[in-house]
Amino acid sequence: MKRLGNALMASPSLEYVDATASLPRAVELRERARQGGHIAAPLTLGSTRQAGLELDKTFATASRGRLHGGYWIVSRENPGYDIRDLRSQFWAEGSRRFARVLNASTWAGWADVSFGDVHDQLVTGGASISLDTRVNPAFPRNAVVRQRRMGGAVA
């Protein structure tokens, strides 16, 4: 029970958007996925209802590879049409550092959207490469930071 209590994080903060109140990320359960990773299960209540599972793992090798992915289901009230829309989304992303200053990543995702009588699916994917010569990102003196993202969506 003590371990579960230490893993549970609650951050109640009210959000007021479009004349609707929401409780964003009201409860988030974090558990270490061995060393260098975590599992999060966010839950949001109110006009925007969200539940999901996120996995994040950083590998302790020299390349500092990282895997990130998850699944969300979100239901929002649209006050203009007085209809709720339902969205479910799955995504995965992998990144790897090839040199101290070069990082490459790729991602893929799938989303299912329902709004009233309209139902659609969307597949996204892409890749990015970045060059970052900063020694300390908080103090970027005499550094070069460039990123190129390529990607797209198929409905």
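The values are calculated or read from the model by the stated rules, or taken from the named source; none is laboratory data. Note that the structure is a prediction, hence the values are computed from the model and not measured. When we count neighbours, we look across all protein chains shown, and the Cβ atoms used for this are built from the backbone with ideal geometry, even at glycine.
I'd like the residue in the range 120-136 that is among the hydroxyl-bearing types (Ser, Thr, Tyr) and assigned to a strand (DSSP E or B) and, out of all such residues, is nearest to residue 89 (Cα to Cα). So that I can check it myself, show each step before the final result.
Taking the range 120-136 first, the residues among the hydroxyl-bearing types (Ser, Thr, Tyr) are 124, 128, 130, 133.
Those still in the list that are assigned to a strand (DSSP E or B) too: 124, 128, 130.
Details: 124: 11, 128: 21, 130: 26 Å.
It comes out as 124.
Name the residue, out of 13, 75, that is of a type outside the set (Asp, Glu), over 30 Å from residue 150 (Cβ atoms) and at pLDDT below 65.
Answer to the check: 13.
Are there any pairs with C-beta distances below 9 angstrom linking a residue in the range 140-153 that is loosely packed, with under 10 Cβ neighbours inside 10 Å to a residue that is outside any strand (DSSP E or B), with the two at least 6 apart or on different chains, and if so which?
141/134; 141/135; 142/133
Scan the range 73-103 residue by residue and report those that are touching a Lys or Arg at 6+ places or on another chain (Cβ under 9 Å) and either outside any strand (DSSP E or B) or over 30 Å from residue 47 (Cβ atoms) (or both).
Our first condition is that a residue be touching a Lys or Arg at 6+ places or on another chain (Cβ under 9 Å); within the range 73-103, this holds for 73-78, 84-87, 93-97, 101, 103.
Within the range 73-103, 94, 95, 96, 97, 101, 103 qualify.
If I filter the range 118-129 for residues that are touching a Leu at 6+ places or on another chain (Cβ under 8 Å) and polar (S, T, N, Q), do I get at least one hit? I'd like the intermediate steps shown before the answer.
Of the range 118-129, the ones touching a Leu at 6+ places or on another chain (Cβ under 8 Å) are 129.
Next cut, polar (S, T, N, Q) only: none.
There is no residue in the range 118-129 that is touching a Leu at 6+ places or on another chain (Cβ under 8 Å) and polar (S, T, N, Q).
How about the range 98-123: which of its residues are loosely packed, with under 13 Cβ neighbours inside 10 Å and within 11 Å of residue 87 (Cα to Cα)?
Just the residues of the range 98-123 that are loosely packed, with under 13 Cβ neighbours inside 10 Å, to begin with: 98-100, 116-121, 123.
Hits for the range 98-123 are 119, 120, 121.
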